[in-house]
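Handing you a structure now.
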Amino acid sequence: MADLPLDNKLLQEYAHGFVTPVEEELVPPGLNEDIVRTISRKKGEPDWLLEFRLKALRAWQRKTEPHWAAVDYPPIDYQSIRYYAAPRRLSAGEGMDPEILRTFERLGIPLHEQQRLQGVAIDAVFDSVSVATTHQKILEEHGIIFCSFSEAVRRVPELVRQYLGSVVPPGDNFFAALNSAVFSDGSFCYVPPGVRCPLELSTYFRINAAGIGQFERTLVIADRDSYVSYLEGCTAPIRDENQLHAAVVELVALEGATIKYSTVQNWYPGDEQGRGGIYNFVTKRGECRGARSRISWTQVEVGSAITWKYPSCVLRGDDSVGEFYSVAFTNKRMQADTGTKMIHIGRRTRSTIVSKGISAGESRNTYRSLVKFLPGADYARNHSQCDSLLVGNRCTANTFPVIESENPTAILEHEATTSRISEEQLFYLQSRGLDPEAARSLIVNGFCREVFQQLPMEFAVEAVKLLEIKMEGSIG
Amino acid sequence: MAGESVQGLELGSVPTVNTGSTTSAAPTIHAPGLDDLPLQPDLEQWRRLAAARANALPWPLPTDEAWRRTDPRLFELDSMPVHARLSRRTELHEHPWDSFFDAVVELDGHGWAVRDRSGVVDPARLWIAPLEEVLRKDPALGSNFTGLSWPEVPWERHEWTALAHTTAALVVWVAPAQRFERGVFIRIRRPEGSLYCPWVLVRVEHLSVLHLVLSVEGRGDARYVENLWWSVGAAGQLRLARLQFGEGAASMQYLRGRVERDASLDLVSAQLGERAVRSNLAVDLAGPGAQARLGGAALVTGERHLDQRTLQVHSAADTTSDLRFKVAVQDQGRSVYRGTVAALRGAVRISGYQRNNNLLLSPGARADSLPGLRIDADDLTCTHGATVGQIDPDELFYLRARGIPEAQARRLILEGFFEEITSRVAMPDLREGLRRTLEQDLSA
């Protein structure tokens, strides 16, 4: 990002807004059984997967779009969206289009072996298909399977079949059903028992084609006593139209396993007038299936016109742990309705929620959560903290937690505050020679520190820089 | 419940409201509030309009978000006949708390009566009279009660039904610059076996102070729907305690009020009875410098269901609200708390606080808590907190190590839990009275 011309305001605000000129293979717009069959055929899928898709399609057709979130948007015409777009050369088996390589290089995601970041294996998803997965060899030595979803269906169908839809069933909700019917690609990861994954695994999502939706599916399985850290990044070109992104992420942690899932979401958020941008309606859920398992979600949200996302943990195994760390920054006309769910089923399960919301411009930032203790969750514990920082006087900050306890031995503490950047802190920093922007940026960084600390190092540095850039010009 | 008449009004003109809860799938209509239906001297006409409002709204369905945690069938109003409206009468029951107050008002299934213990009840100082009478002499009274509508607390069908069917509409009005620190005690003895809907309107004019205690008691099954509205004028003070006792009825309470410039409201609500309770409290801090301190103590035992909703609206700058609702749930009891602090645009330099503490005392008990902040302004501090847990084993151990038997130790801890609220009751005698009542309830 530092190489880009700094005088270009637009690039500074959204540096990833370019379009890659590649020839893409598209399916006609619309959603029906034929489209689902076409997608399945293009990917050469087995019958059980087609059945899964068709079942989801039927569930979707019965469902109505949810509107309870505190976001406004014009009705989406689901029949005008293209549900599949793939770079033509790739699907013709001619290797990767050099344009795509250049795209990911511009995004700072090197796919060539020699340029790869040390210690991070990447699966890159371009529109509907996975274009490259790096570091396969090292991972294979450890028995770790990390590949695109389509490849996993071919390589380890029994694993995919066992776990797909086991955390987010095909009919879970409107957008999950939509995804289950038309999902095109995504990442699959399986870590065998007792293995500590030596690399950070990463998926990078890029929407390029116009008029398409991206519906990827991620499935991460950590077998007994294993560990995996997973990163996810996303960008899209600047366009005047809205594009739909409805992903499903499923995590399964078996006995003693740990999954750390980090997201830096930087979709195009739309312009000052609220034109364009990505609608991000995502279902993310992890299940701590075995005892002593642990799932940790960390998210930094700085982009997408509308965010509707609640990464959740189902704490089924005794002594399992769920964590949620989130920074959600909204500016201009962005709307975010995000938060988490912690469902405590097992005994002595613990969860922590730390959510930091920053609202600027005319944006709307809503935190929404559910913490539920079922009758069997003896001695379960939750601590939630959600803070909102107001920057500017035309934004809205809401906090809507839901707490349900059916177990008298469970203990829950929730606290939330909403306030403006303190004048005293600003004065203190400015009197030491910092200009107002730098002072604000420093305070915001301090406000988010608890969450940034949870990110892997490269991501944390990126997140701090990203937030600084996004903050610029947001102070009125 | 044959036709008695109130102040010369014929009961024949009772408007028809379908009290049947036959669930209809009609779309949700946002019922307009009082703004376009201002209280007018022709109360019968007004009641008919209120009835039309009620009929235009659907009955809630268990699938409605607002009723998802509280089965609306607990509050079906059609299973009981509408109680007839009441006339004034002079007979009054004695109550140990009567001596704390300047004036005692009693409402029961037959009528209502006022005992003026200190010679203060006077239309020029402290006016206690039926709404019809007050509106005839002062048609502008109604203007104090407009604007009490917010999207967070939409007017419900039960509420309009109760207003149309009001059994007794009573006004307590305090003239400017008067102090009634011994205040008014309104005791409602709800009748059994009918739909009983009292309506109390309180207006404290500027620079005045009023202590008001409203307590409700009764036995056996009934449908009780209360509307309690208040409006505190500039620099006025209202100290309000609302105590819910009683056994067996389904009780709904709609409390809506406004606090004007530099005025203050101190409210203590105690929920200690009835089979099913749904209570709604909405306070508007409408003038700069307005303050509200809201306290709630609730003990839910047996198979009782308690649903409390609160809304603190900051519609003016420099306003303060502080809400603490504490709930202890025992046996198979169930508690639902849903609260919102709303800061409207322009409400700067405000401080909003909201806390809900829940104690679960037995394995079958359940508590849901939904605190919320809705902020449309900047330069403010709003905070909420919620906890759910059991009695701290360390505290219990501490007391038992000092030779206190477990049952007594638990009771002591619970008393301490509620002390934060009971200590907010402004009148010392009443504070003691409430403490003793709680002690008795906890021993039972």
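The values are calculated or read from the model by the stated rules, or taken from the named source; none is laboratory data. Because the structure is predicted, anything quoted here is derived from the model rather than measured. Neighbour counts run over all protein chains shown; Cβ positions are idealised from the backbone, glycine included.
Counting just the residues of the range B:196-233 that are basic (Lys, Arg) and touching a Phe, Trp or Tyr at 6+ places or on another chain (Cβ under 9 Å), which one comes out farthest from B:Ser99 (Cα to Cα)?
Ranking the qualifying residues of the range B:196-233, first place goes to B:Arg223.
Could you grab me the full set of residues in the range A:387-396 that are within 21 Å of A:Glu450 (Cα to Cα) and within 9 Å of chain B (Cβ to nearest Cβ)?
A:Ser388, A:Leu390, A:Val391
Okay, next question. Please specify each residue of the range B:254-292 satisfying the condition of being more than 20 Å from B:Asp307 (Cα to Cα) and in a strand (DSSP E or B).
If the condition is that a residue be more than 20 Å from B:Asp307 (Cα to Cα) and in a strand (DSSP E or B), then B:Arg258, B:Val259, B:Ser264, B:Leu265, B:Asp266, B:Asp284, B:Leu285, B:Gln291, B:Ala292 are the ones that fit.
Another question, then. Restricting attention to the range A:361-377, which residues are at the interface with chain B (Cβ under 10 Å from one of its Cβ atoms) and outside any strand (DSSP E or B)?
A:Pro375, the sole residue that qualifies.
Right, another one. From the set of residues in the range A:55-72 that are loosely packed, with under 15 Cβ neighbours inside 10 Å and in a loop (DSSP other than H, G, I, E, B), which is farthest from the other protein chains (Cβ to nearest Cβ)?
The extreme case among them is A:Glu65.
How do the helices (runs of 4 or more DSSP H) wholly within the range A:77-177 filter down when requiring 1 or more residues that are modelled with pLDDT of 85 or more and surrounded by 19 or more Cβ atoms within 10 Å (Cβ to Cβ): which remain?
A:149-155, A:157-163
Tell me whether the range A:397-415 contains one or more residues that are buried (at least 17 other Cβ atoms within 10 Å of the Cβ), more than 9 Å from chain B (Cβ to nearest Cβ), among the small types (Gly, Ala, Ser) and touching a Ser or Thr at 6+ places or on another chain (Cβ under 6 Å).
So far as the range A:397-415 goes, no, none of its residues is buried (at least 17 other Cβ atoms within 10 Å of the Cβ), more than 9 Å from chain B (Cβ to nearest Cβ), among the small types (Gly, Ala, Ser) and touching a Ser or Thr at 6+ places or on another chain (Cβ under 6 Å).
For the range B:342-354, enumerate the residues that are buried (at least 21 other Cβ atoms within 10 Å of the Cβ) and either more than 9 Å from every other protein chain (Cβ to nearest Cβ) or polar (S, T, N, Q) (or both).
B:Ala342, B:Ala347, B:Ile350, B:Gln354
Just the residues that are among the aliphatic types (A, V, I, L, M) and more than 9 Å from chain A (Cβ to nearest Cβ), please, taken from the range B:328-340.
Selection gives B:Ala328, B:Val336.
Could you list all residues from the range B:83-97 that are under 21 Å from the mean Cα position of the chain (by Cα) and at pLDDT 85 or above?
Listed by number, the list holds a single entry, B:Trp97.
Whether any residue in the range A:379-394 is small (Gly, Ala, Ser), modelled with pLDDT of 85 or more, in a helix (DSSP H, G or I) and within 27 Å of the chain's Cα centre (by Cα) is what I want to check.
The answer is no, given that none of the residues of the range A:379-394 is small (Gly, Ala, Ser), modelled with pLDDT of 85 or more, in a helix (DSSP H, G or I) and within 27 Å of the chain's Cα centre (by Cα).
Determine whether the range B:244-252 contains at least one residue that is part of a strand (DSSP E or B), under 26 Å from B:Ser99 (Cα atoms) and out of contact with any His (no Cβ under 9 Å at 6 or more places or on another chain).
There is at least one residue in the range B:244-252 that is part of a strand (DSSP E or B), under 26 Å from B:Ser99 (Cα atoms) and out of contact with any His (no Cβ under 9 Å at 6 or more places or on another chain).
Go through the residues of the range A:419-439 one by one and say whether even a single one is surrounded by 16 or more Cβ atoms within 10 Å (Cβ to Cβ) and within 7 Å of chain B (Cβ to nearest Cβ).
yes
Right, another one. When you check B:Pro363 against the structure, is it within 11 Å of chain A (Cβ to nearest Cβ), surrounded by fewer than 19 Cβ atoms within 10 Å (Cβ to Cβ) and of a type outside the set (Val, Ile, Thr), yes or no?
Considered against the rule, which asks whether it is within 11 Å of chain A (Cβ to nearest Cβ), surrounded by fewer than 19 Cβ atoms within 10 Å (Cβ to Cβ) and of a type outside the set (Val, Ile, Thr), B:Pro363 comes out as yes.
Testing B:Trp150 on (1) touching a Pro at 6+ places or on another chain (Cβ under 8 Å); (2) touching a residue at least 60 places away in the same chain (Cβ under 8 Å), one condition comes back false. Which one is that?
(1)
While we're here: Look at the range B:312-325 and say how many of its residues are crowded, with 22+ Cβ neighbours inside 10 Å and either under 19 Å from the mean Cα position of the chain (by Cα) or on the phi > 0 side of the Ramachandran plot (or both).
Count: 5.
For the range B:381-403, how many residues meet the condition of being farther than 15 Å from A:Ser384 by Cβ and within 7 Å of chain A (Cβ to nearest Cβ)?
Qualifying residue count for the region: 3.
Test each condition in (1) over 27 Å from A:Ala380 (Cα atoms); (2) modelled with pLDDT of 90 or more; (3) assigned to a helix (DSSP H, G or I); (4) not basic (Lys, Arg) for B:Gly403 and report the one that comes out false.
Looking at each condition in turn, B:Gly403 falls short on (3).
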